[in-house]
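The values are calculated or read from the model by the stated rules, or taken from the named source; none is laboratory data. No experiment lies behind these values; they were computed from the predicted model shown. No Cβ is skipped: glycine too gets one built from the backbone with ideal geometry, and neighbour counts run over all protein chains shown.
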Amino acid sequence: MLYIIPFIGAIALFFAFSFFKRSLAKQKILKEINEEAPPTPKEQKSFFLKVKNLSGRVFDMEANPDDTGEQLINKIAEKYQYSSTHIVRLVHKKEPNGAYLLRDKTIKEQNLKSGDEIFVVFEERIGDFGIGNFPGSHILEDFDNYTPSSEEVSQLIRDVYVEHGYEPFQADKSQESEEVPYRLVPDLLTKDQRETLMKYLNERYKGENDLKFKLTPEELISLIGKSAFEKMQEAYGTSVDEIWLRRAQMDGMEHQGINWHVDHSTRTMQVALNGDSEYKGGKLLFAYKGKIIAPERLPGTATIHDHRLVHGVTPLKSSPRFGLFFLHLPK
Ligand SMILES: [Fe+2]
């Protein structure tokens, strides 16, 4: 029987070796699986910002907390097909003050949280139509029936300044100035000159709600004559960087005014080519020293205001409304 002992030993050794080999193979497979497996995903938090522009539209925008302010500007520009060079700044609306987003710091470093609202300030030449979700929009919408208190107007001015990235004290300072930040110049264009410009706009009109385009001084001179142009330049009182023509027609559309804002242009002259009585709504309003001022814009009258003055336009209800603009841009 003794001969059986080495035999059992050999079988035991064989099984022990097989087990060891299988265990090694199993470890190798596990190692390979571990190497190929993706790392444990970090907790991915959706980070959404509410991007708002002057016309009151609000878009949800997915962002990365590690994006810099500059990268965020480019993403917004790409997604909404704005030209990033025309975005002056992003304003992070925090109560009570707004704050510029710095271009070279990440949005995480600037304490933005998911759901926060970002306001896009453009190198706005002449504001876009479309009212909504903006400080004081009810004053524009209900201008004919509602007179706000002086406190409400002062708060509106502060809110608009904050939305545009200024400090509230700058709003208050703009109200203390002795110099009135607007003036009216009647009869700057004759009936013939206005009609020539409206005809020029109508010839280019292809159904747009808001047709606006630039003119060179030479083009304007060819339409209204040199002396009329010089008269306009003299009234304007500073160099003209851009000249725009505009034809707005909002038939059947609601809420088509221009939200309260301050201009990028340091001085803006608007000449009414047709008068307030020729369309319904579309009134230019200034908010100044606790009051809402509606300058009477007879045909050919120019309003000249500077970039400190908060202004807006009531919804345009019947149309068209024609205007000519002179702008002086910040250097
Ligand atoms: Fe404006």
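Within the range 253-271, restricting attention to residues that are assigned to a loop (DSSP other than H, G, I, E, B) and not aliphatic (A, V, I, L, M), the residue that is farthest from the ligand (Cβ to nearest atom) is Glu254.
If I ask for residues that are within 18 Å of Leu184 (Cβ to Cβ) and surrounded by 17 or more Cβ atoms within 10 Å (Cβ to Cβ), which ones from the range 233-264 would you list? It would help to see each step written out before you state the result.
Step one: filter the range 233-264 for residues within 18 Å of Leu184 (Cβ to Cβ), giving 233-238, 263.
Tyr236, Asp263 - these are the residues of the range 233-264 that are within 18 Å of Leu184 (Cβ to Cβ) and surrounded by 17 or more Cβ atoms within 10 Å (Cβ to Cβ).
Among the residues of the range 314-330 satisfying the criterion of being in contact with a Phe, Trp or Tyr (Cβ under 6 Å, 6 or more places away or on another chain) and either within 13 Å of the ligand (Cβ to nearest atom) or of a type in the set (Phe, Trp, Tyr) (or both), which is farthest from Gly257 (Cα to Cα)?
Within the range 314-330, the first condition is being in contact with a Phe, Trp or Tyr (Cβ under 6 Å, 6 or more places away or on another chain), and the residues that meet it are 314, 318-319, 321, 325-326.
Applying the additional criterion that residues be either within 13 Å of the ligand (Cβ to nearest atom) or of a type in the set (Phe, Trp, Tyr) (or both) yields 325-326.
Details: Phe325: 17, Phe326: 20 Å.
Per the stated criteria, the residue is Phe326.
Selection of the range 296-313 for residues being away from the ligand (no atom under 13 Å from the Cβ), modelled with pLDDT under 95 and closer than 21 Å to His261 by Cβ yields only Arg297. When the range 279-305 is filtered for residues that are within 26 Å of His138 (Cβ to Cβ) and either of a type in the set (S, T, N, Q) or outside any loop (DSSP other than H, G, I, E, B) (or both), the ones remaining, listed by number, are Lys280, Gly281, Leu284, Leu285, Phe286, Ala287, Tyr288, Lys291, Ile292, Ile293, Thr303, His305. Using the structure shown, decide if Ala248 is within 16 Å of the ligand (Cβ to nearest atom), in contact (Cβ under 8 Å) with a residue 24 or more places away in the chain and over 16 Å from Ile131 (Cβ atoms). Here the answer is no, as Ala248 does not meet what is asked.
The set of residues in the range 189-217 that are over 29 Å from the mean Cα position of the chain (by Cα), surrounded by 13 or more Cβ atoms within 10 Å (Cβ to Cβ) and over 21 Å from Lys231 (Cβ atoms) is empty. In the range 272-293, the residue that is nearest to the ligand (Cβ to nearest atom) out of those that are among the hydrophobic types (A, V, I, L, M, F, W, C) and farther than 26 Å from Val121 by Cβ is Ala272.
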